[in-house]
Structures are given as structure tokens and as C-alpha cells.
Amino acid sequence: MNPFTRDVIVRFEHCDAAGIMFYPRFFALVNEAIEDWFASLGFSFKALHIDQRKAVPTVRFESEFVAPVRMGDVLRQSLGVQALGTSSLELRHLAAVGDRAVARFDQTIVFTDLASMKAEPWPANLRAAIAKFAEIA
């Protein structure tokens, strides 16, 4: 698996009164990572959601928080493809500060038409980009 990675500086806006990253902020960062990943594949969320009226909603999300993250930490997010289905995609997100794992997320998204709100098969060009990234057929 070839993970997509990005680094995020943990800011004041990410933290709670205890000075640690507030867990709901992780979910927003996971969504940002997906948006950045799709853009790196050549499929911006603007093009998908606004121009093509398609979406990739989450249908399953599991999380595990294993260590605290503090303001000023550099959070390394890694996103990898676990499985590519006809219209679904299973993703694994890992978050770390240095060598220390801090959170894990397993997520399933589904390619969806916004007008009908029904799942559709991945378009061939998007599927090919995902498969190339994931090194799967």
C-alpha cells in the first residue's frame, strides 16, 4: 500500500481546555486528508461535488485514540486503501506524532449521485487513479 501523507501543525483551534487535541477535530482532519488525497489523484471535491454532483459520503467509521496530541505537535496523517469495491472504498487512516501512533481510523466511503442519493460504480478514470495509488487491480 502506498499511503498518502500530510503533516498538520496542531493549533490552538484544535485543542480543548486541557491543552490536548479535542477528539472531534480528528474527524475534520480525516475529511481534509481525503479531500487533499482526491485532489492529488486529479479529482477535486469541487469538481466532484459541485460540477459533477457526485459525493463520497462516509457509511462506516471506526476510531481508536491511543495517545494525546498537544498544541504545537506536528501530526502526520497517513491514508491508505484497504479495499476498492464497485462503489465503495475502505480506507485506513493513521495519525502519528514522530514515531508515536496517536489515532487510527477505519472508514468506508461510497461513490454517490447527489440527485438520487444512490450509490453508483466508480467512474473508470477515478477507479484507475485509486487502483494505481493502492497498487491493486
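The values are calculated or read from the model by the stated rules, or taken from the named source; none is laboratory data. Here the structure is a predicted model, which is why all the values come from computation and not from measurement. FYI the Cβ positions are ideal-geometry reconstructions off the backbone, even for glycines, and counts take in every protein chain you see.
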I need a count of the residues in segment 5-24 that are closer than 20 Å to E64 by Cβ, touching a strand residue (DSSP E or B) at 6+ places or on another chain (Cβ under 7 Å), loosely packed, with under 15 Cβ neighbours inside 10 Å and not hydroxyl-bearing (S, T, Y). 1
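Listed here are the residues, each with its yes/no results for (1) surrounded by fewer than 15 Cβ atoms within 10 Å (Cβ to Cβ); (2) in contact (Cβ under 8 Å) with a residue 40 or more places away in the chain; (3) touching a helix residue (DSSP H, G or I) at 6+ places or on another chain (Cβ under 9 Å); (4) not small (G, A, S).
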site: S44; (1), (2), (3), (4): no, no, yes, no
site: D51; (1), (2), (3), (4): yes, no, no, yes
site: R60; (1), (2), (3), (4): yes, yes, no, yes
site: V69; (1), (2), (3), (4): no, yes, yes, yes
site: L79; (1), (2), (3), (4): no, yes, yes, yes
site: H93; (1), (2), (3), (4): no, yes, yes, yes
site: A115; (1), (2), (3), (4): yes, yes, no, no
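Here's the yes/no breakdown for (1) at pLDDT 95 or above; (2) outside any helix (DSSP H, G or I):
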position: N2; (1), (2): no, yes
position: D7; (1), (2): yes, yes
position: A33; (1), (2): yes, no
position: D36; (1), (2): yes, no
position: V59; (1), (2): yes, yes
Residue set F38, F27; condition among the aromatic types (F, W, Y) and surrounded by fewer than 17 Cβ atoms within 10 Å (Cβ to Cβ); output residue F27
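Conditions (1) closer than 14 Å to W37 by Cβ; (2) part of a strand (DSSP E or B), marked per residue:
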site: S63; (1), (2): no, yes
site: A67; (1), (2): no, no
site: G80; (1), (2): yes, yes
site: T86; (1), (2): no, no
site: L91; (1), (2): yes, yes
site: T108; (1), (2): no, yes
site: P121; (1), (2): no, no
site: N125; (1), (2): no, no
site: I130; (1), (2): yes, no
Keeping to segment 3-38, report how many residues are more than 16 Å from I109 (Cα to Cα) and either of a type in the set (D, E, K, R) or in contact with a Lys or Arg (Cβ under 9 Å, 6 or more places away or on another chain) (or both). 15
